[in-house]
Amino acid sequence: MTSTDTRGRPRRTALQRRSARLGWTFASPALLVVAAVMIFPIVFSVVMSLNKVAVSGNGFQLNGFTGSNYSVLFHAPRFWHDLEFTVLYTIFTVAIEMVLGTLVALVLERLTNARGWMMALLLMPWALITVVSAELWAYIYNGVYGVLDTVLGTVGVHNLNVLGTPLQASIAMAVADIWKTTPFVAIMVLAGLVMLPSEIVEAARVDGARAWTIFWKIRLPLLRPALAVAVLFRILQAFGLFDLPYVLTNGGPGTSTESLAVLGYKVLFNDLEFGPGAAVAAFTAVIVLVFCLLFLKVFRTQVGEQED
Amino acid sequence: MRKLTRKSAALAACSAAVLALATACSSSSGSTAAPAATGSATGTITWFANQFGPTTSDVRKTLISAFEKAYPGITVKLEQAPSDSDTYRSTLVTQISGGSSSFDVYNGDVVWPAQFAKAGLALPLNSYFDSSYWNNFSNGLVTSLTYKGQTYAVPLFTDNAFLFYRKDLLAKAHLPVPTTWEQLQSEAATLQKDGLVKYGFAAQFDSYEGLTCDFTEFAADAGGSTVSADGSKSTINSAADLKALTYMRGLVTSGVAPSAVTTFQEQQSESLFTAGQVAFLRNWTYAYADSNTAGTSKVAGNVGVTNLPTFAGQSGPGYSVTGGWNLYVNPHSKNLAADVAFLKWMTGTQAQTIIAEQGGEIPTVASVLQDSQVQAANPAFPIAAKNKLNARPSFVAQYAQVSQAIYNNINAALSGSVSPQSALSSADSQINTALANTGL
Amino acid sequence: MARRRTRNLGTNIAALVIAAFVALPLYWMVASSFKGQADITSSAAVPPHPTTSNYGNAFSNYGFGTYLMNSAVVAVTTTLIVLALGIFAGYALARLPMRGKTAIMTSLLMISLFPTIAVVAPLYLLLRDIGWLNSYQGLVLSYTALMLPFAIWILRNFFLTIPFAMEESARIDGAGPVRTVLSVILPQALPGVFTAGVFTFVAAWTEFIIALTLNNEDRYRTIAVGIALFGGQYTTPYGTIFAASAVAMLPIALLVLVFRRAVVSGLTAGAVKG
């Protein structure tokens, strides 16, 4: 009897096969729900992106398979500009949030009594509805009565037109974004930190290693799975950035802060062009997928995937 | 056994997707011919409406109770809609294209008829109203509701823009009310130099639909336009439009308008005015009542209103763009007789008077606007009667793309990111792409 | 000794700085919720004439109480279902020898990253066909599908860090698979469960575009959509919006505070592993 099956993989024991079946039983409900609800909309969207779509009172009419939606997209300078902005913005904010979030998590870890209160406070920005958070920052950055102007006025900086200047508007948006989502990263990293086995750290400390070395060489590598998930999903969310630019600047000045999601929304629901709009969405998904797969490949061994 | 469950699960998912796809593609098979509004007007209808008028009293509820008294057999349910026009449109489109009949009539922006007509999202109304009905409204108004010979909405109320000014400041500096934009700029500069006010002029220059309104006015004042009358090409790259844009940019660079004006929508420009920090304001009808409310406005009692100025050498007052809201009928509505009765009543004298007096909005029925009692209710109304009106180029179905091309580029020029000429060239090519349906 | 004191001092200062950065905009929001219409343009640190009119306005004029209840029902139900399904799925994908795990995790990621805006219109059609528009279950179903991928990712990663010896000892004790998961593995991964639960709850509580499209009727409206109704065409009533949001944030703050003991003990229990 050979010890490999028809596909060249080692044969499995009865116990393993039973365990695998159990696994499918455990996982199926969740997977079925996700598939049943999400597969149709996604497939439909992709199909729409490859068709001439006319919206009517009777639904979406798909009039003919075509690649013109994508070619229109690729020939539009606005699309490339928005893509560039979204990519740069994602890299910038995710990087900062990861660093800040880890620092915050480290501080949180050392707190004892105050930890619960700090966590409650940290969750507040995250718990704000994104539209409201955007309105709050629009109120703060407002060119007429925003409190930012007052605060800056005390240090002698006057008449700053934050939301009306392209680079400043992007930075202002990034600050609002970082304020809101660093808690998310912090809590994920904190949860990862407390689940690290303490013996290794203790051993290193007994050996006389300094705190910084312990963190950098021992804890950080062990934290990679938690960090990886945080980075992955932050990339997803940053790419889908919609409420903040929509409320804060409507993509302005001009189109300098227009993210891909804002573009997609405008094409879909303002222009009522469902074909090109679906193309924007599908292409965004492809780009994010590429990002994520690249990231996973680089960090593969650290994400802890196991193949049997 | 394991293989079977996995394969069958995948198969199930795929067939579900295919099935759902097929259903969606051939969704609600409604007839394309407009059904006749037979039968008497009874039953319940749902009115999907955003809030309009002052926020302190809901004029929609007043209208509904008055309507139900006039038509005891019909009950009207009010369904709240989002206040932002674009958010509202997104939910309308999803629901109507999905065949929803959960609302029968809905409020809609005045720039939507062409777009909604082309997308089949509003019911054509010609067969339910005889031609004499449309004589109640001005020609321009009726044109704005029409697409390819059919009308798709009735006008609920309209809105005009005015020049609001500080009577007290002009009196102190012994200056007359300006009638040209050049005069306005020099008067504003004088007021600023004399230290009487911080800023001279405010309007809505943010990157949004409101900028399309403002620019359309300035361009028309200079003798230009944005889209040709037959809707086939862009006319924005012209000397007149360049003059208008250069003037607007000049307001910012000379300090007459705050540099933050490129982030102003109605609310910010209004707040600047009611805080007493600007001498002249271009804004809609509501601004008169708002800036004269004693409790919340620091300039209450000192506000004057007049027609907008034009450029030197042009005749008459400046142009005001038409805003406002229309009433549309959901093509899937099941109670057309009641819908038509509702539409007719809402554009009748009683409803329009309520809208004018309680809602503070300009009525669409000319006879109501001329009524002395209505005119007495709001000092802006007699001025409105003398307004020179202009419409945005919403008669093209691709108006949304055209408007974006306008406001994105004009805002970039006003912020100083690009020169006015290159902004206009850019807008020109984008508008042409939009009209030819070859762009994003 | 001195080194420990400075380290504590350093930590406390850092904590204060962080708290300030987080709290200042929040303070501004809450303070502004007490500003009447006339003061909305004021930049004073404390509102000049504080008033509770915005709060009254939100509840009486806009029916905010209903929206709060709807959001609560939807968010709690979604979180419970997501955790129930996600814990078992995450466990299976972490520790049971299934084939194709990478494919599943990647597919979940792919489903997660498709922009929601494009998904909304077809999702509406799907729920219309099931007949679950304007209901609690339609929203719960949509949110569950939307948030499960992320929950599964988190839970699976946390389950991976638990030593495999756990299953062995459970099996020797004669525990069945479900009991193994619930009584033996789960307590070890509480921080992960807490994280997944909190994020799911917050996501369901604050989601806007799907709630806007699916639940149009007033009696099923959620908070995020309700706030979008505030104000008229030309006015954004900051005071009322902030008042409503402050109220909307309270349940989450209370939840975390109430459960902070469990969280803290769960977090520290995780550190004492043999």
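Each reported figure results from applying straightforward, stated rules to the coordinates on display, with no laboratory input. Here the structure is a predicted model, which is why all the values come from computation and not from measurement. Neighbour counts are summed over all protein chains in view; Cβ atoms, including those assigned to glycine, are modelled from backbone coordinates with ideal geometry.
Before moving on, here are some points about what is shown:
- Pairwise FRET efficiency - C:MET69 versus C:ILE130, Cβ, R0 = 22 Å, nearest 0.05: 0.40
- Rel. contact order, % - alpha carbon contacts under 8 angstrom, at least six apart, chain B: 24 percent
- Placing unit charges on the Cβ atoms of the charged side chains and taking the dipole of the protein assembly as shown about its Cα centre, the candidate lying farthest along the positive direction among A:SER19, B:LEU440, B:GLY359 is A:SER19.
- A Cβ-based charge dipole, computed about the Cα centre of region C:67-271 with Lys and Arg at +1 and Asp and Glu at -1, lands at about 280 debye.
- Only Lys, Arg, Asp and Glu carry charge here, each on its Cβ (+1 for the first two, -1 for the last two); on that basis region B:321-440 has a dipole of about 120 debye about its Cα centre.
- Within region B:57-83, backbone nitrogen closer than 14 Å to the virtual label 7 Å beyond the Cα of B:THR44 toward Cβ: B:74-79
- Loop sites in region B:129-229: trypsin sites (Lys or Arg not before Pro), DSSP, at most 16 other Cβ within 10 Å: B:LYS148, B:LYS198
- Entries in B:LYS61/B:LYS148; B:LYS61/B:LYS298; A:LYS266/B:LYS77; B:LYS77/B:LYS344; B:LYS148/B:LYS334 that, when Cα-Cα distance is taken, lie over 29 Å: B:LYS61/B:LYS148; B:LYS61/B:LYS298; A:LYS266/B:LYS77
- Placing unit charges on each Cβ (+1 for Lys and Arg, -1 for Asp and Glu) gives the protein assembly as shown a dipole about its Cα centre, and among B:ALA338, A:ILE200, B:THR293 the Cα reaching farthest toward its positive end belongs to A:ILE200.
- For chain A, the alpha carbon positions stretch 69, 62, 30 Å along the principal axes, listed from largest to smallest.
- Mean-position separation - Cα centroids, region A:14-74 and region C:18-40, in angstrom: 43 Å
- Model label sites at C:TYR27 and A:ILE96, defined 7 Å from Cα along the beta-carbon direction, differ in position by 2.2 nm.
- Scattering profile of the protein assembly as shown at q = 0.05 Å⁻¹ [log10 I(q)/I(0), Debye over alpha-carbon scatterers]: -0.33
- Length added when fully stretched, B:SER232-B:ALA312, from 0.36 nm per residue minus Cα-Cα: 25.8 nm
- Helical mean residue ellipticity (222 nm; -39500 (n - 2.57) per DSSP H run of 4+; nearest 500) of the protein assembly as shown: -18500 deg cm²/dmol
- Cα-based helix-to-principal-axis angle, B:181-193 vs chain B, degrees rounded to 10: 60 degrees
- Axial C-alpha extent at least 27 Å, average Kyte-Doolittle at least -0.5 - helices from chain C (DSSP): C:2-32, C:64-95, C:136-160, C:238-258
- Folded to 0 to 90 degrees: helix B:59-70 orientation relative to chain B principal axis, Cα: 60 degrees
- Separation of the B:ASN126 and B:ALA66 label points, Cα + 7 Å toward Cβ, nm: 3.2 nm
- When region A:58-159 is described by a simple charge dipole with +1 on each Lys and Arg Cβ and -1 on each Asp and Glu Cβ, the residue from A:ILE91, A:TYR139, A:PHE60 located farthest towards its positive end is A:ILE91.
- Legend: calculated FRET efficiency, B:GLN358 to C:ALA253, from the Cβ-Cβ distance at R0 = 35 Å, rounded to 0.05, equals 0.30.
- Taking 18 Å as the limit for the C-alpha separation, the pairs A:LYS52/B:LYS233; A:LYS217/C:LYS101; B:LYS167/B:LYS243; A:LYS52/B:LYS118 exceed it in the case of A:LYS52/B:LYS233; A:LYS217/C:LYS101; B:LYS167/B:LYS243.
- Mean separation of Cα pairs under 8 Å and 6 or more residues apart, divided by the residue count, gives region C:67-271 a relative contact order of 34 percent.
- Working from Cα pairs under 8 Å separated by at least six residues, relative contact order for region A:75-303 is 28 percent.
- For the residues B:ASP104, B:ASP206, B:ASP84, a GNM of chain B with alpha-carbon springs under 10 Å puts the largest fluctuation on B:ASP84.
- Counting only alpha carbon atoms, the long axis of helix B:420-435 and the longest principal axis of chain B meet at about 20°.
- Counting 0.36 nm for each residue step from C:GLU168 to C:ASN12 and taking away their Cα separation leaves a gain of 51.9 nm.
- Annotation for B:ASN437 and A:LEU167: the two label points, set 7 Å from Cα along the Cα-Cβ direction, are 4.4 nm apart.
- R0 of 30 Å, Cβ-Cβ distance B:LYS198-C:THR51: FRET efficiency to nearest 0.05: 0.60
- Cβ-based exposure ranking for C:LEU139, A:LEU83, A:LEU108, in which fewest neighbours within 10 Å come first: A:LEU83, A:LEU108, C:LEU139
- Taken as entire DSSP H runs, the helices of chain A that both span 30 Å or more between Cα atoms along their own long axis and average 1.6 or more on the Kyte-Doolittle scale are A:274-298.
- Distance between region B:38-114 and region A:206-254 - C-alpha centres, whole angstrom: 46 Å
- Residues A:CYS292, B:CYS213 arranged by fewest to most Cβ contacts within 10 Å: A:CYS292, B:CYS213
- Dipole magnitude of region A:75-303, debye to nearest 20 (Cβ charges: Lys/Arg +1, Asp/Glu -1, about Cα centre): 760 debye
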